[in-house]
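Here is the structure we will look at.
The values are calculated or read from the model by the stated rules, or taken from the named source; none is laboratory data. Nothing here was measured: the structure is a model prediction, and the numbers come from that model. We place every Cβ from the backbone using ideal geometry, glycine too, and count neighbours over all the protein chains shown. The protein model used for the area step is the full one, side chains on, heavy atoms only, and it has no ligands, DNA or RNA in it. Shrake-Rupley method; radii C 1.70, N 1.55, O 1.52, S 1.80 Å.
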Amino acid sequence: MPIPPDPADLYPDVASHASLRAALHAVSEGCLATASMRSSESEPLTHVSVDCPLPHRNPLLISAWVHERRWSIRGTDSFQDLELVGGRTEQLKEVAAAALAWHNGEPLDALQQVAPFVHLSGRFEVPDLDPARLTASEWQHLRTEANELDYPWGPAYQALIEAAHAEPTLRRLYPFTSHWALRFSTTTRPDLTVVGPMLSARSIDHYTVSKTMMGNDGAQFSTPEDAVAAAVSELPNGLASVTLGNT
């Protein structure tokens with residue numbers, strides 16, 4: 001791997017302000033003057049966080065790439081620490097616009113309006129931590145993610161996610177993935193309580209329902225609907241509603 005250039009050479013405009021924090025202040029033309037921003041002590045030219053007064057949001061993390069001139073953002077919720085917004089851009093002014101909207105507590109889609117590079121994960125904010133809405137938010141994220149996949153197995157994976165979401169019994173459970181295998185929990189993150197088997201999409205006509213990650217012990221199906229039906233049959237009876245996974 002090539003040695004990355006000195007950040008001061010890759011980002012001379014940022015270096016002229018001595019920190020990414022100060023550079024963002026400058027390009028925002030004073031709009032970020034009241035925002036609480038924290039520079040990295042060890043890497044002030046490449047990392048900064050922007051606070052938000054909303055208690056259900058973590059600070060927005062802004063990072064500069066090391067091998068090419070580009071910035072990334074990541075905004076997460078404060079309970080599950082899951083990504084709500086992300087994105088990357090070569091324009092520091094766009095980063096400043098997204099940072100300001102995050103700091104001001106603007107709705108997630110408003111960030112994308114002021115800074116088109118912002119990517120919405122599909123999750124929505126649940127300030128009251130209602131477990132049912134957190135579950136619905138995670139399903140929406142999985143469906144969004146599956147729709148955006150650019151892999152040969154992407155269509156099969158999307159078909160599996162959609163079939164699982166269409167099944168009311170599974171839709172009531174909190175979904176998560178591990179190595180692209182779909183799994184379920186009776187509690188939300190951060191403390192999952194795994195229940196039932198895992199489902200995998202190998203190809204558009206090859207789906208597996210198994211108890212282990214390798215899937216060697218699993219049953220094979222040619223349609224996602226059949227795989228979903230098999231997974232439902234393996235669930236224990238009398239499952240209660242999803243609850244918060246408190247640590």
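Residues whose amide H lies under 5 Å from that of Arg202, counting only those 5 or more places away or on a different chain, are Tyr207, Thr208; hydrogens are built 1.01 Å from N in the peptide plane.
In order along the range 157-168, phi translates into HN-Hα couplings of 5, 4, 4, 5, 4, 5, 5, 5, 5, 6, 8, x Hz, rounded to whole numbers, per the Karplus curve 6.51 cos²θ - 1.76 cosθ + 1.60 with θ = phi - 60° and x for Gly and Pro. For the range 66-148, with all protein chains present and a 1.4 Å probe, just round the carbon and sulfur fraction of the accessible area to a whole percent. Answer for the range 66-148 is 46 percent, counting heavy atoms of protein chains only. Cut-off 16 Å, label point 7 angstrom out along Cα-to-Cβ of Glu68: give me the residues of the range 1-42 whose amide nitrogen falls inside. Counting backbone N atoms under 16 Å from the label point, the list is 2-5, 10-11. Annotation: amide H-H contacts under 5 Å for Arg57 (H modelled 1.01 Å from N, sequence separation of 5 or more, or interchain): Ser78. Mean sequence separation of contacting Cα pairs (under 8 Å, at least six apart), scaled by the length of the range 2-73, corresponds to a relative contact order of 25 percent. Under a Gaussian network description of the chain, with springs only between Cα atoms under 10 Å, the residue in His179, His165, His67 that fluctuates furthest is His179. Take Ser39: with every protein chain present and a 1.4 Å probe, its accessible area is about 40 Å².
Scanning residues 5 or more positions from His119 or on other chains, those with amide H under 5 Å from its amide H are Gly86, Gly87, with H placed 1.01 Å from N in the peptide plane.
Using the Cβ-Cβ distance between Asp191 and Gln113 with R0 set to 35 Å, the FRET efficiency from 1/(1 + (r/R0)^6) comes to roughly 0.50.
Averaging Cα coordinates gives a centre for the range 79-156 and one for the range 1-46; these two points are 24 Å apart.
Calculated FRET efficiency, Ser233 to Glu41, Cβ-Cβ distance, R0 = 51 Å: about 0.40 to the nearest 0.05. Take every Cα pair under 8 Å whose residues are at least 6 apart in sequence, average their separation, divide by the length of the chain, and the relative contact order is 11 percent. Annotation: per residue accessible area for the range 103-247 equals 50 Å², rounded to a whole number [probe 1.4 Å, protein chains only]. Adding -39500 (n - 2.57) for every DSSP H run of four residues or longer, then dividing by how many residues the chain holds, sets the calculated 222 nm ellipticity at -9000 deg cm²/dmol.
Phi angles across the range 135-146 convert, under the Karplus curve 6.51 cos²θ - 1.76 cosθ + 1.60 with θ = phi - 60°, into 3J(HN,Hα) values of 5, 4, 4, 5, 4, 5, 4, 4, 5, 5, 4, 5 Hz, Gly and Pro given as x. Computing FRET efficiency as 1/(1 + (r/R0)^6) for Met1 and Glu90, where r is the C-beta to C-beta distance and R0 is 25 Å, gives about 0.70. Remark: the chain carries a charge dipole of roughly 260 debye about the Cα centre, counting +1 on each Lys and Arg Cβ and -1 on each Asp and Glu Cβ.
Along the range 188-196 the Karplus relation, 6.51 cos²θ - 1.76 cosθ + 1.60 evaluated at θ = phi - 60°, assigns HN-Hα couplings of 7, 4, x, 10, 6, 10, 5, 9, x Hz to successive residues, with x for each Gly and Pro.
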